[in-house]
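Each remark here refers to the structure printed beneath this line.
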């Protein structure tokens with residue numbers, strides 16, 4: 001009988017000990033290991049634009065604090081703070097319980113801290129590694145550039161938990177634009193959405209004009225077989241920002257040529273310049289399949305669909321003369337409008353507020369042990 005009682009006491013003690021051990025592991029040890037675990041997910045295929053990028057019902061009951069450690073490209077605090085009025089995330093984007101600030105005194109209580117890559121690789125800003133970091137605080141690496149323009153980021157290994165990037169497998173997906181369903185399509189016809197008064201066959205606005213870029217080489221070939229109106233570095237002819245869309249609206253086609261070719265890098269050259277400017281984008285970038293994962297497949301013309309530059313030029317000339325076929329490239333506008341980060345305040349404020357929405361889908365814990373290699377993965 002005594003042996004039975006002893007065994008029962010031993011069993012109860014073991015259960016109590018294991019329960020206590022489990023609690024300690026979950027509450028203390030696991031958060032402490034946050035910076036040492038590195039589960040990496042594969043690049044998803046055919047992943048649609050997340051629902052978090054369209055209007056949603058966001059019901060988080062606990063305040064989430066997103067701290068901008070410094071503003072991108074050396075923008076002054078005064079300039080950016082004018083967009084940080086109280087409840088900016090709620091008032092502008094309908095996201096409640098999301099506190100966005102650049103007040104560094106909030107470091108101990110910040111849930112997420114945003115660090116823009118450019119300042120880190122140029123050593124004009126540093127990570128606050130000298131401060132005692134709360135165990136569940138997440139550091140977010142932020143960039144809108146492709147890997148060649150992000151510099152050597154190997155020194156940032158094991159520093160960041162999440163990424164805010166244009167690629168769809170980033171933790172916080174930040175495309176340059178996306179489609180939003182129209183609230184009311186009653187009475188809208190194709191004549192309402194097709195831009196009128198075209199005076200130029202094709203146009204191109206380029207600031208970063210480099211001879212070694214694939215897009216530059218393609219442009220030189222294209223201009224030999226068809227007229228292309230150019231503004232920017234190619235001809236030293238400037239174009240005021242207010243004149244951008246009105247100018248492009250007079251062109252049948254816009255050369256949406258990317259400065260480097262990487263998966264998911266479909267920039268404002270499509271979303272703002274072409275789509276919002278009212279021209280059909282002629283794209284040079286990732287393969288057609290990648291474009292079709294993010295754009296209506298009949299809304300653009302891909303240079304890879306043609307055997308030669310001459311064949312492309314002939315196709316564009318004929319298409320510009322066929323009003324019905326030309327209009328078909330704008331049919332998507334009957335059901336959708338575009339949303340893009342057109343102004344500085346858009347891409348410096350809205351994506352940070354959307355961190356609060358997307359946090360519910362995050363993998364935890366997570367650390368990028370090889371941020372550099374992850375960027376270059378195709």
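Every residue in the stretch 276-285 that is closer than 22 Å to residue 180 by Cβ and either modelled with pLDDT under 95 or in a loop (DSSP other than H, G, I, E, B) (or both), please.
Listed by number, the residues that qualify are 276, 277, 278, 279.
Across the stretch 130-148, the qualifying residues are those that are buried (at least 21 other Cβ atoms within 10 Å of the Cβ) and under 13 Å from residue 113 (Cα atoms), and the one among them that is nearest to the chain's Cα centre (by Cα) is 142. Consider the stretch 201-212 and keep the residues that are touching a residue at least 24 places away in the same chain (Cβ under 8 Å) and touching a helix residue (DSSP H, G or I) at 6+ places or on another chain (Cβ under 9 Å). The one that is surrounded by the fewest Cβ atoms within 10 Å (Cβ to Cβ) is 210. Restricting attention to the stretch 128-163, the residues that are within 16 Å of residue 104 (Cβ to Cβ) and either without any contact (Cβ under 8 Å) to a residue 40 or more places away in the chain or outside the structural domain of residue 67 (by TED's automatic domain parsing) (or both) total 8. Inclusion of residue 177 among residues that are farther than 15 Å from residue 367 by Cα and crowded, with 19+ Cβ neighbours inside 10 Å is warranted. Within the stretch 253-263, can one find any residue that is more than 23 Å from residue 304 (Cα to Cα) and touching a strand residue (DSSP E or B) at 6+ places or on another chain (Cβ under 8 Å)? For the stretch 253-263, residues more than 23 Å from residue 304 (Cα to Cα) and touching a strand residue (DSSP E or B) at 6+ places or on another chain (Cβ under 8 Å): absent.
Between 156, 127, 120, 164, the distinction of being surrounded by fewer than 17 Cβ atoms within 10 Å (Cβ to Cβ), under 21 Å from residue 69 (Cα atoms) and at pLDDT 95 or above belongs to 127 only.
The values are calculated or read from the model by the stated rules, or taken from the named source; none is laboratory data. The shown structure was predicted, so the numbers you read here are calculated from the model rather than taken from an experiment. Reconstructed Cβ throughout: ideal geometry from the backbone, glycine too, with neighbour counts over all protein chains shown.
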